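**Student:** Please find one structure pasted underneath; my questions will follow.
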């Protein structure tokens with residue numbers, strides 16, 4: 001009697017096949033968890049940078065009040081999953097095409113350029129806040145983190161960046177589920 005004809009061979013092959021499938025599934029899940037953990041680490045560093053930059057800008061008397069309000073409102077949006085989903089949807093579907101030339105965004109861009117000329121250090125801190133805030137907001141949630149690379153290609157110029165920050169800010173002030181946080185009183189008084 002040959003080995004492959006025995007009663008042990010078929011169950012052994014079945015067990016090995018099942019074990020191989022389980023190991024394969026575990027490896028895939030481990031890779032997914034590693035990628036998500038990396039997203040969370042990057043989001044944490046970005047959030048730390050965002051709050052440090054926001055603190056520098058809002059405590060500087062030379063920063064325009066509109067800019068302070070914009071950053072404080074963006075800070076309120078950070079724990080809001082709906083805000084992240086909204087901004088990613090906007091960035092991936094419209095890319096702010098056709099919306100970049102609004103007078104509101106042009107005024108903000110001119111204000112930022114003026115700030116860049118008079119206080120380049122403050123303007124640089126504002127850019128750090130915008131960029132780190134967008135990274136933190138998007139990478140924090142799994143469904144928005146998946147679209148991160150696509151969103152990055154949308155934020156390639158100053159107008160798109162300002163439009164995105166204004167969208168986050170507007171969403172945070174208009175959305176009824178906005179969590180109340182430590183910045184809420186600052187926004188009400190700004």
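**Student:** What residue, among those in region 47-67 that are at pLDDT 90 or above and under 16 Å from residue 168 (Cα atoms), is surrounded by the fewest Cβ atoms within 10 Å (Cβ to Cβ)?
**Tutor:** Among those that are at pLDDT 90 or above and under 16 Å from residue 168 (Cα atoms), it is 51.
**Student:** Something else about it: Based on what the data block shows, is residue 22 over 16 Å from the mean Cα position of the chain (by Cα), at pLDDT 85 or above and loosely packed, with under 12 Cβ neighbours inside 10 Å?
**Tutor:** Criteria met by residue 22.
**Student:** Cβ contacts < 9 Å: first residue in contact (Cβ under 8 Å) with a residue 60 or more places away in the chain, restricted to region 11-40; second residue surrounded by 10 or more Cβ atoms within 10 Å (Cβ to Cβ) and part of a helix (DSSP H, G or I), any location; separation 6+ or different chain. Result?
**Tutor:** Partner pairs satisfying both residue conditions: 36/142; 36/145; 39/139; 39/142; 39/145; 39/148; 40/139; 40/145.
**Student:** How about region 76-141: which helices (runs of 4 or more DSSP H) wholly inside it have at least 3 residues that are modelled with pLDDT of 85 or more?
**Tutor:** Answer list for region 76-141: 81-93, 120-139.
The values are calculated or read from the model by the stated rules, or taken from the named source; none is laboratory data. Since this is a predicted model, take the numbers as computed values, not measurements. Note that each Cβ is placed from the backbone with ideal geometry, even for glycine, and that neighbours are counted across all protein chains shown.
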